[in-house]
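Single-structure report; data block below.
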Amino acid sequence: MTNENQQTTPLQDENQLIAERREKLSKLREQGVAFPNDFDRKDMAGDLHATHDAKEKEALEADKVEVAIAGRMMLKRVMGKASFATIQDMSGRIQLYISNDIAGMETHDAFKHWDMGDIIGARGTLFKTKTGELTVQVSELKLLTKSLRPLPEKFHGLTDQEQKYRQRYLGLITSEETRNTFMARSKIIQTIRDFLVERGYLEVETPMMHPIPGGASAKPFTTHHNALDMELFLRIAPELYLKRLVVGGFEKVFEINRNFRNEGLSTRHNPEFTMIEFYEAYRDYRYMMDLTEEMFRETAKAVLGHAVVQYQGHTINLAQPFDRLTITQAIHKYHPKRYSDEQLGDRVFLKAELEKMGGNQHPTDGIGGLQLALFEETTEQLLIQPTFIIDYPAEVSPLARSNDANPGITERFELFIVGREIANGFSELNDPEDQSDRFMAQVRQKEAGDAEAMHYDADYIRALEFGLPPTAGEGIGIDRLVMLLTDSPSIRDVILFPQMRLED
RNA sequence: GGGUUGUUAGCUCAGCUGGUAGAGCAGCGGACUCUUAAUCCGUAGGUCGACAGUUCGAAUCUGUCACAGCCCA
């Protein structure tokens, strides 16, 4: 790939509307400072509504409340000798009233030529219109930033999905729903951070560039460090670094940050996405499931006010205890009497069944892997209410601690909601020799052609050899959690700037 | 990667079985001192995603490509 696709020249999409606004800007430049930065904004629309909406018209006007407010002009209604405008700031909208009487004819005439989308500052006093709407009677008005491009249509807003994602600022300007989604995202992350900090967790940052990609089964992005002449990988997971910190004595750690996986795009996948991973020493996977339920409930309550979530026509109840089922229990529960225990324990039967369904199976799959594949084909998408699937086969869980009674399975869970995996956790494998054997098995799989199999990480083994206390850990896909709590159908609706193809 | 739908004015959308482009908003000019997507009158604005093909004639039919949405892997 060359750099010829990169845009180094301005977009050539001038039109008559933009030309007219450029002409207005050029007149502003002639008159003085075209982009003044000396307006002292003192008030926010939302605060003014909160403080004064309930007051009676007469009482409010007797108070003569002086305000200084600024924002983007979203609506404009000119009526000869007086005008109304609606401006929008980060907290909301408020109406301005500009008249020849108070603001003066010169100011009002100038205002008439301003455009929707312009950013203006206004000083004046609050009053209520005859319909009772809180409004600023403007005495001074200043154009702070000329907008050269017309906004999307004022009533329908931006409906073009592509433009919504490529030019996110337009959606943020015109869609309250979009603003609310990203404010909810911030609140969700803040709540989770507080939840863990309150419980004695330490927030840390570990490398985004890894010499060995590890901690998950996925294809990495590759990059190169020139000075060290060294191949590096954008991380696919922070797991192995966070557990090194537990070895170091940070017994409760978490990190909220980006992971990168070089895979396809879909309504559930973006190449960079946000995960929280957290680790706590002297706990096991059952404790982690309890903690997860509590965290999800608390987060939903913080964002929505309650723990019953509406998602795309489903009612998801986070208030009740989450189901906890093994893979075969889940298959039985959602397909009663479809399979016998003998069949689910019969490799030949499972392979034949998967063949019928066209499922992708690896020839090396053991019984556990085949059961998992059958679960994914038949049951996963039916797990609408929050459900922990527990006790995953060791062959697909190379970093999880084995069950003491049955080493073929691990103390691991995945949480499913609305048929989607949203979290993954386990009792950590802290036996360095077992971990070394598991890495070796992964390397054999990689050599057999599995591009997503893990590498052998000798430094991580060395860390385990110093002693990782018994620990439980978990990762939660933040984007998918935000989708759930904001009723968003696509991951692109909850990532401010989702990955897109280059524009032509 | 496969299937499917879409791409027309700055924005939101019409445009019939093929006859050469329309509305609303935004803009510009005018009227209007309590509007709420203000209203009313006038006016300007387009390589119909790109390239081929069929045809006397293509926004419309066919093919390829680009981008996007949805479904599937």
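What follows is calculated from the coordinates using simple rules that are stated; it is not laboratory data. Because the structure is a prediction, the values reported are computed rather than measured. Please note: Cβ atoms are built from the backbone with ideal geometry, for glycine as well, and neighbour counts cover all protein chains shown.
The table for this structure:
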| quantity | calculated |
| --- | --- |
| Three-way shape call for the stretch A:361-497 based on the alpha-carbon gyration tensor, with the a/c threshold at 1.5 | prolate |
| Computed label-point distance, nm, for sites A:R286 and A:D323 using a 7 Å Cα→Cβ extension | 2.1 |
| Cα gyration tensor, the stretch A:240-387 - rounded (a/c under 1.5), prolate or oblate | prolate |
| Exposure proxy order (Cβ contacts within 10 Å, fewest to most) of A:D47, A:D40 | A:D40, A:D47 |
| Contour excess over end-to-end distance, with Cα ends at A:H49 and A:D404 and 0.36 nm allotted per residue | 121.6 nm |
| The stretch A:246-323 versus the stretch A:161-220: alpha-carbon centroid distance in Å | 12 |
| Stokes-Einstein translational diffusion, the stretch A:196-326 - Kirkwood Rh over all Cα pairs, 0.890 mPa s, 25 °C, in µm²/s | 143 |
| Electrostatic dipole magnitude of chain A [Cβ: Lys, Arg +1; Asp, Glu -1; Cα centre; debye, to 20] | 1860 |
| Segment A:D40-A:S490, length gained on full extension (0.36 nm per residue, minus Cα span) | 158.0 nm |
| Global form of the stretch A:403-447, assessed from the alpha-carbon gyration tensor, a/c cut-off 1.5 | oblate |
| Residue-averaged [θ]222 nm for chain A, counting only DSSP H segments that reach four residues, each worth -39500 (n - 2.57) | -10500 deg cm²/dmol |
| With Cα atoms, 0 to 90° folded angle of helix A:176-198 axis to chain A main axis | 50 |
| Those lysines that a straight Cα-Cα span of less than 17 Å connects to A:K27, excepting residues fewer than 8 apart in one chain | A:K112, A:K142, A:K146 |
| Two-decimal log10 I(q)/I(0) for the stretch A:376-434, as the Debye equation yields it once each C-alpha is a single scatterer, q = 0.20, 0.28 Å⁻¹ | -0.73, -1.07 |
| Cα long-axis angle, helix A:16-31 against chain A (0 to 90 degrees, to the nearest 10) | 60 |
| A:E421-A:E355 pseudo-label distance in nm [points 7 Å out on the Cα-to-Cβ vector] | 2.7 |
| Label-zone membership for the stretch A:485-499, site A:E272, 7 angstrom Cα→C-beta point, backbone N under 13 Å | A:495-499 |
| Largest to smallest principal axis extent of the C-alpha atoms in the stretch A:190-263, angstrom | 42, 27, 22 |
| Translational diffusion of chain A, µm² s⁻¹ [Kirkwood Rh, Cα pairs; Stokes-Einstein; 20 °C; 1.002 mPa s] | 80 |
| At most 13 other Cβ within 10 Å, DSSP loop - trypsin sites (Lys or Arg not before Pro), the stretch A:398-504 | A:R501 |
| Acute angle (nearest 10 degrees) that the helix A:458-467 long axis makes with the longest principal axis of chain A, alpha-carbon atoms | 80 |
| HN-Hα J in Hz across the stretch A:295-309 - Karplus 6.51, -1.76, 1.60, θ = phi - 60°, x for Gly and Pro | 5, 5, 5, 5, 5, 4, 5, 5, 8, 10, x, 7, 9, 10, 10 |
